Amino acid sequence: MKRKLGALEKVDADLPNLQHKLKIDPRSYEQDFVNQYNQYRSLKELFLQSPTTTDDSGIVRLRDLVDFVSHTADCYPKLTTAFASDLVELLDLHHATLDSELRDKLVGALVLLRRKETIDSVQLLDTLWPLLLKTPSKNLRALLFQKILSDLRTANQKATNHKLNRHIQSKCFELIVSDPTSAKGLWAVKLTRELWKRQIWSDAKAVSVMKEAALSQDAKVVTGGVRFFLGGDQEREEAAAEEDTDDEGNIDMGKLRHQAGINKKTGKRANELRTAAAKVKRKEKKKNSPHQLNFSALHLLHDPQGFAEELFQRHLQPAQPKVRLVLEQKLLVLQLVSRLVGLHKLTLEPLYSYFIKFLTPKQPSVTSFLASLAQSAHSLVPPDILEPLVVKIANEFVSEASAGEVASAGLNSIREICARQPLAMSDTLLQDLVQYRKSKDKGVQMAARGLLSLYREVGAELLRKRDRGRDAAMGLRIGEKQTARFGEVGTGEIEGLELLEKWKEEQGIDSEADEEAGWNNWDAESDSDDDGEGWINVESDGEEIDISDSEDEREKKAKAAAKSEPTFEAQQSAGNTPAATTPGSSRATASLEPEAALKREESRISRLATTRILTPADLAKLNELRSTAAITAALPATKRRKLLASQAAAAASRHADDPLTAAQISGLSAHSYKATRQEKIAMAKEGSREEGGNDHRSTTARRKEKKESEGKSTSNKEKERKKNFLMTLGKAKRKGKRSLTQERAILKGHVERRKRGGKRGNKGQ
Amino acid sequence: MGSSAKKKREKKSDFKKTKLKVGKARPKNTNATDTSFAAKSIVLKQQSLSESGRDPSTIFNHNLSLLASKADTQRRDALAWLTNAITAMNAAALPQPPSAILLKAQPLILDGTASVRSQLLKLLRILPVDQLGPLDQVLLYTRAGMSHLSTDIKLSSLDILDWLIEAQPESIVSCAGGWVKTLETFETLLSWNGAKGTTGSLTGDGKWSATKPTVSLGSSKLLVHQLNTLTAFLNAGLVRPERDDNLLAIQAAECWPLWHHQAHLMPTKSNPYGYLNLCGKKRDTESDMYEDPEERQEAFITSGMCRAFVQGVTEAKKEGGEVGRAAAGVAKALQLVVDVG
């Protein structure tokens, strides 16, 4: 006969229930816990006798007990001192042979113990990290990586945990440095990249880990490191932007409040409303708070010259390299080297001769080579190094016999090189190349025109007289337009400052008096709720700085950039339209004595720029003035030229920091041949409706969808129109038979309802 | 006609040169092999189910391996088959030694199905007692079962322990961890460790706490069983083998001129000076081996369990009835220690 179970006995039989009761009243259930803990210990001992057998046989399995104990260990810290170290030992010794479910449970239990602060992060990560490198199981690796990442994120959530970060960073560093030939370094690369993307690690130490990765001797690790430098910052920005827009507009406070007015009032709903309000407020605050300033990895690099040289010598130059890279990987490395050379204006002469053998149209991915070459040119490269390269490109790519796309790629790359180092061009070659603007091929035409307009700006005397154009010819005649000599550096100034000064004079604003006002105004305008400072305090990262010259300088630069964060942007956009403003203003004040003009200019600039600090309000005005000046100064006849010039200037400012891609080199050659049917279809399909692609729908349909997406209902009119005919019938029948009194009452009621705003009134909205 | 034009086109296409685009990667060769496939399933051949024509030892081994099967009916059937087979054969003719059978069968002590456990006990009872090999593993499983969450498993593992005590009393109490650990298990099971000073009194942080009653609300069957087994276990561990005075006299007469010559011979025990622990690690009293009744008694007293047991027994005796009677048995066994100590 079946024995009847007592109620309590039944309940005792499941662990989750016991766990629940334990948490409520740990003291009373201590005995039960001890029983279970002993059970865990004996099962563990059994397990250690034969770790390979699965523990599926009994009702209560070891993993259930591990789960139970890890959940309740914090209630009995004295009894369970050995628990964490037991788990670590189990994982360490038997991770390869453990049943996968039990293994995952052990990892989860350790993380749980960390969350309950039984063990600390360093201890946890010291267990998980070596395991990640050792284990042959793919699943476990994925799990461990995810856990490590999430633990680092939580550890850095409230404030940056410098100690932990430094510990893990040095582990990553050691991993790569200790054995450069192993592929294990990939984990360090992966971790660093992920944390960089999430802006948890954004210091020089993380960059130095990646630097070591790029210099290691395993192809995968090398490409991982190189890819980080080429795309890590972009990825970080994208992630940040995504986070901003992620849950934007999810919460509609008005709607929620309205619903709360209508629905039944419960504690839960009130709580929900409160949390939603708090969330909205938090988001608002976050939006208003100053943007975190981050330096790109390329700028945080210590000793870029050494890095570029080493990269080049290890991976590109030797005939017998330590690591075999395929063409694609070599291109990536080349891209990084050239980017470094261009960005930091490094001197790496063997790089240019390395390019020569790749500059033929038949070379696979030649456009990437061309882009890298252009990228590595800068104003401090001796022209006689670049000249043979330019000549070779011209000979190989640009001829009447070559295909349109080949010629346009060649011309574009020549233009990009010359934009960075105009002295690399000889006049005969230039005049020859400029002739191609008469070509029938659209791409070649545009490329040649680009070259022409570039040289009108930077070296008009190389062009034939009739190709120079009016501006350049006049500039040459007055002598203000001269080709910059090798190594010449222009004096720095703030674009459009004279416009601002003029405006101030016109407005009659006293510079001393309004300075204070400028700050105050700015506060009012930006309605930020923090204190009146426009600056952003950049917290120092707590990392030690070696006192070397370059490092020092970088630090200074960083501080300056941090201080003038709003200024910085303004300057950047200022760089976009130098050509549009300076010639115009200079022409207005044109005098025949250049020296006197120069003096006057100098004094004018010095007055504003040297006597006071520009307030944020000033800068905003400056920006506005500059843009309006650019528009109004343009007469209809010259409009197009101005626009072109500004575009060229934009292109010139782009050279400074952004990478040059192969797509830019191949340029408009896409238009030089007729698109095939497939290409046309692809173009039409490109981008779905939401992304602003082609949308072949009527305006009404689009409006309706918009309204629906906003969560708005139909209008009364529409409801009336859509109402079922049979439902309106009764009223229509009666309508004619109403008495006058009834009619009056109805009309009165209608007016009253209108006043009130509907049947219930517009309360609560 | 149409087909010939088509054929012509096909033939032509063989010699057509593909146009290469500048800056693009070379297109894949036409004869490249696509290796991007994955097998979705692996097909096993039909398993052979016939038992005829195989020799009995193979079938025996097959059934032995079935003890680890996932299905509980299969495990039970395999146990039943083995029981029948062992009773049919004589001990010498078994295809596997009894120790190997025990090794395979012992995980089933923790089995979730009652029928499997009862069948297991039947199997164990017919195994030849003197060829079981080392017993510490079985004891480990038994202890795990005794502290199991499920009452049924607790009961059946007590049965197993009873069998063990009956079969090999000496090796059970003297194997590594067999003495102290088992006693500790009993202590926690009976909740006698509360007797160490905190029962119903103020705890460290000034709050009252009360221990739960040891008796579960259903019946006292488990408790009685536990007490009975404990009695047997204590008796096995503490009772000295009786000295045969006659035999001693004969031995002394045989080597007459020598007196106490054992003290000068090579010791018969392993690690005779182990108790001094001269150059070992810190002693793990729990999992040590205690080979003599004296040693066991010593361990029992020094670990403080003796006091806790005495106190617990006096409490349990007050309950009267079946429990009281069983507790009286334990008290009698404890008397062995108390007399000496």
Cross-link candidates for A:Lys205: which lysines have Cα within less than 19 Å, leaving aside residues fewer than 8 places away along the same chain?
A:Lys163, A:Lys171, A:Lys190, A:Lys197, A:Lys556, A:Lys557, A:Lys559
Pairwise centroid distance, computed over Cα atoms, of the stretch A:355-395 with the stretch A:176-212, Å:
32 Å
On a 23 Å Cα-Cα criterion, which of the cross-link pairs A:Lys23/B:Lys181; A:Lys680/B:Lys24; A:Lys392/B:Lys28; A:Lys719/A:Lys759 come out too long?
A:Lys23/B:Lys181; A:Lys392/B:Lys28
HN-Hα couplings for the stretch A:270-280 via Karplus (6.51, -1.76, 1.60; θ = phi - 60°), in whole Hz with x for Gly/Pro, come out as 4, 4, 4, 4, 5, 5, 5, 4, 5, 5, 4
Order of B:26-37, A:422-433 by packing, highest average Cβ count within 10 Å first?
A:422-433, B:26-37
Using only the alpha carbon atoms of the stretch A:365-416, find the Kirkwood hydrodynamic radius as the inverse mean reciprocal pair distance, in angstroms to one decimal.
11.3 Å
Whole-percent tail of the Cα-Cα distance distribution for the stretch A:2-242, cut at 29 Å, equals 40 percent
Applying the Karplus parametrisation 6.51 cos²θ - 1.76 cosθ + 1.60 with θ = phi - 60° to the phi angles of the stretch A:400-413, what ³J(HN,Hα) value in whole Hz is obtained for each residue in order, glycine and proline being reported as x?
4, 6, 6, 5, x, 5, 5, 5, 5, 4, x, 4, 4, 5
Simple spin-label model, 7 Å along Cα-to-Cβ: A:Glu101 to A:Arg141 in nm?
2.5 nm
Between A:Lys392 and A:Lys78, what is 0.36 nm times their sequence separation minus the Cα-Cα distance? Round to one decimal in nm.
105.2 nm
How large is the direction-averaged shadow of the alpha-carbon convex hull of the stretch A:341-381, in nm²?
2.8 nm²
How large is the charge dipole for the stretch A:2-242, taken about the Cα centre, if only the Cβ atoms of Lys, Arg (+1) and Asp, Glu (-1) carry charge, to the nearest 20 debye?
200 debye
With 10 angstrom as the radius, rank B:Val224, A:Val209, A:Val111, A:Val489 by how many other C-beta atoms surround their C-beta, starting from the fewest.
A:Val489, B:Val224, A:Val111, A:Val209
Expected unfolding gain across A:Gln313-A:Ala183 under the 0.36 nm per residue rule, minus the alpha-carbon gap, is 44.7 nm
What residues from the stretch B:67-107 fall in the zone where the backbone N is under 14 Å from a label point 7 Å along the Cα-to-C-beta line of B:Asp55?
B:94-96
Sort B:Thr185, A:Thr135 by Cβ crowding within 10 Å, fewest neighbours at the top.
A:Thr135, B:Thr185
Pairwise centroid distance, computed over Cα atoms, of the stretch A:423-454 with the stretch B:76-95, Å:
98 Å
Using a Förster radius of 41 Å, what is the FRET efficiency between B:Ser69 and B:Ser270 based on their Cβ-Cβ separation? Nearest 0.05, please.
0.55
Volume per residue (Å³) of the convex hull spanned by the alpha carbons of the stretch A:312-371 is 83 Å³
What is the diffusion coefficient of the stretch B:22-146 in µm²/s, taking the Kirkwood radius over Cα pairs and the Stokes-Einstein relation at 25 °C with a viscosity of 0.890 mPa s?
137 µm²/s
Label points 7 Å out from Cα along the Cβ direction at A:Lys285 and A:Asp120: separation in nm?
2.9 nm
If R0 is 60 Å, what FRET efficiency do you get for A:Gln678 and B:Ile42 from their C-beta distance, rounded to 0.05?
0.90
Using 0.36 nm times the number of residues separating B:Asp292 and B:Gln335, minus their current alpha carbon distance, what extension gain do you get?
13.7 nm
I need B:Cys255, B:Cys175, A:Cys75 ordered by Cβ neighbour count within 10 Å, fewest first.
B:Cys255, A:Cys75, B:Cys175
Along Cα→Cβ, 7 Å out, is where each label goes; now give me the distance between the ones at B:Lys12 and B:Gln96 in nm to one decimal.
7.7 nm
Using alpha carbon positions and the Kirkwood radius, the Rg to Rh ratio of the stretch A:92-202 is 0.95
Which value, in debye to the nearest 20, gives the size of the charge dipole of the stretch B:57-133 about its Cα centre, when Lys and Arg are +1 and Asp and Glu are -1 at the Cβ?
120 debye
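Taken together, the values in this text are just the output of simple stated rules run on the coordinates, not laboratory data. Keep in mind that this is a model prediction, so the values were computed, not measured. Reconstructed Cβ throughout: ideal geometry from the backbone, glycine too, with neighbour counts over all protein chains shown.
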